[in-house]
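Report on one structure; see the data block that follows.
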Amino acid sequence: MWVKRCIFASEMNTLRKYALFALLLLALPAMAASVIRQAKDAMKKKQNLEQTAKTLMAEAAKPETRHKDKIECLQLAAECSQMLYEAENLKLYLKQKYDTAKFFNSILDMFIRLEMADSVGASPDEKGRVKPVNRRRNHDILKPFRANLLNGGRWYFRKAQFAQAYPYLDTYVSTASHPLFVGDSLLKADTLVRQTAYLAAVAAHGSNNHDGVIKHTALAKEAGLKSYLIQEYYARALLAKGDSATWLRALDDGNREFPIHPFFFTNLIDYHIDNGDYERGLALADSMTHVEDSVALFWYAKSLVYLKMGKDREVIDACDSCLARDPQYTDAYFNKGIASLNLAVIFTEQACTDINDPQSRRDREIIRSLYLLAKQPMEKVRELSPDEPSRWASPLYRIYLNLNMGNEFDEMDRILKNLHK
């Protein structure tokens with residue numbers, strides 16, 4: 001008997017739990033209905049529209065809110081935004097002081113909320129049915145505001161408020177392929193889409209929005225507005241996200257498409273040198289001298305790779321080619337000076353040391369000529385960068401020492417001592 005009573009009590013507890021759950025399920029639609037009813041009342045009175053919209057958005061975000069109620073909440077939230085826009089627009093029309101940020105933000109909110117409503121409407125409801133709702137109506141609501149969406153993005157862009165500008169520009173571009181506007185063929189009909197994609201990519205870069213840069217790169221490059229810069233931003237974004245494989249492809253593509261823009265080439269050369277792949281780096285630099293023979297940078301890069309490979313005479317030849325194209329190229333003078341010093345040191349180690357041997361004199365003359373060869377470019381480095389003694393003082397110290405240039409040597413000695421204080 002006691003066992004039966006226990007079983008009965010357990011069954012009653014289970015029934016109570018089911019009953020409570022059923023009551024909660026019945027209460028959920030009532031909760032959403034209450035939010036919707038209160039929102040409509042506030043909208044009718046034109047009171048607390050911003051807070052009303054937030055409450056509606058929060059209700060729509062709840063997973064337990066019914067499919068139909070989610071759509072209505074989003075539609076009403078968009079209507080609140082439209083009412084806020086109209087209030088500011090009326091002030092503008094009457095030449096009264098108005099809130100520009102609120103004016104544009106209300107338009108952006110309209111697009112975001114109606115696009116969300118369309119997305120929910122196009123998803124399966126509780127019974128698995130898919131039936132887009134209000135698509136034509138929402139299209140007709142939004143279309144007249146699309147130009148002001150772009151104006152809002154430009155307004156923030158001109159103020160260099162790139163994080164604020166991006167959502168407007170991004171939304172303007174995105175609408176061109178959104179189901180709400182698919183019938184308008186905006187990617188073909190709207191000539192401003194690609195220009196706006198360019199602005200969106202620039203704004204994304206300016207606000208460290210790496211995903212935004214990547215998203216708009218392809219379309220932005222089609223605008224024909226400084227495409228090399230967009231490709232650079234794209235590569236930077238990929239590197240920031242740690243996608244090194246795609247980053248390398250972006251550098252290769254950029255170097256091929258925009259060989260005069262140094263960003264791609266210098267990063268590729270640095271990558272090959274840092275990874276000890278000197279042959280590939282040399283092949284790249286050599287190929288670029290054939291593409292654009294007049295660019296000093298490509299010849300300097302050859303000298304740098306040769307220097308890493310220990311091919312000092314080739315370094316000197318490449319530096320001479322670089323300097324023939326740019327006589328003020330400081331780094332080329334430096335590489336030539338270092339390579340010449342290397343040759344002097346190597347030859348000194350192999351030279352005849354027997355002072356009674358006639359070869360010894362001939363070798364000393366060769367050594368002197370090599371230090372003289374190093375002297376001119378390294379003194380030029382000092383002339384072009386006088387504020388960087390850490391770069392030229394030590395090599396000149398060694399050059400003057402071996403050329404027995406006492407006064408010049410003493411000067412370098414003082415400079416080096418001051419550097420190490």
Only helices (runs of 4 or more DSSP H) wholly contained in the range 223-275 count here; list those with 3 or more residues that are among the polar types (S, T, N, Q).
244-257
Is it the case that the range 178-188 has a residue that's assigned to a helix (DSSP H, G or I), open to solvent by 60 Å² or more (accessible area, probe 1.4 Å), touching a His at 6+ places or on another chain (Cβ under 8 Å) and free of Cβ contacts under 8 Å to residues at least 60 places away in the same chain?
yes
I'd like to check something: does the range 227-235 contain any residue that is open to solvent by 30 Å² or more (accessible area, probe 1.4 Å) and among the charged types (D, E, K, R)?
no
Scan the range 63-87 and report the pairs whose first residue is over 15 Å from residue 45 (Cβ atoms) and whose second residue is open to solvent by less than 30 Å² (accessible area, probe 1.4 Å) and aromatic (Phe, Trp, Tyr), with Cβ atoms within less than 7 Å and a gap of 6+ or a chain change.
85/103
Suppose we filter 266, 330, 348, 246 for residues that are within 28 Å of residue 363 (Cα to Cα), open to solvent by 20 Å² or more (accessible area, probe 1.4 Å) and of a type in the set (S, T, N, Q); which single one remains?
348
Candidates 51, 47 - the one that is at pLDDT below 85, farther than 18 Å from residue 116 by Cβ and polar (S, T, N, Q)
47
Subset of the range 326-343 that is among the charged types (D, E, K, R) and assigned to a helix (DSSP H, G or I) - its residue that is nearest to residue 370 (Cα to Cα):
336
When every residue in the range 77-107 that is of a type in the set (A, V, I, L, M) and open to solvent by less than 60 Å² (accessible area, probe 1.4 Å) is compared, the one nearest to residue 167 (Cα to Cα) is 107
Mind telling me which of the residues 85, 93 ends up being under 36 Å from the mean Cα position of the chain (by Cα) and farther than 15 Å from residue 138 by Cβ?
85
Output for the range 377-393, where each listed residue is open to solvent by 50 Å² or more (accessible area, probe 1.4 Å), more than 17 Å from residue 407 (Cα to Cα) and part of a helix (DSSP H, G or I)
383, 384, 390, 391
Residue check, residue 314 against (1) farther than 26 Å from residue 280 by Cβ; (2) open to solvent by 60 Å² or more (accessible area, probe 1.4 Å); (3) not basic (Lys, Arg), all met but one. Which one?
(1)
Is there a residue in the range 162-171 that is part of a helix (DSSP H, G or I), open to solvent by less than 30 Å² (accessible area, probe 1.4 Å) and farther than 16 Å from residue 109 by Cα?
no
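The values are calculated or read from the model by the stated rules, or taken from the named source; none is laboratory data. Note that the structure is a prediction, hence the values are computed from the model and not measured. Every residue, glycine as well, gets a Cβ built from its backbone with ideal geometry; the counts of neighbours run over all protein chains shown. These area figures cover heavy atoms from the full protein model, side chains too; ligands, DNA and RNA do not enter into them. Shrake-Rupley method; radii C 1.70, N 1.55, O 1.52, S 1.80 Å.
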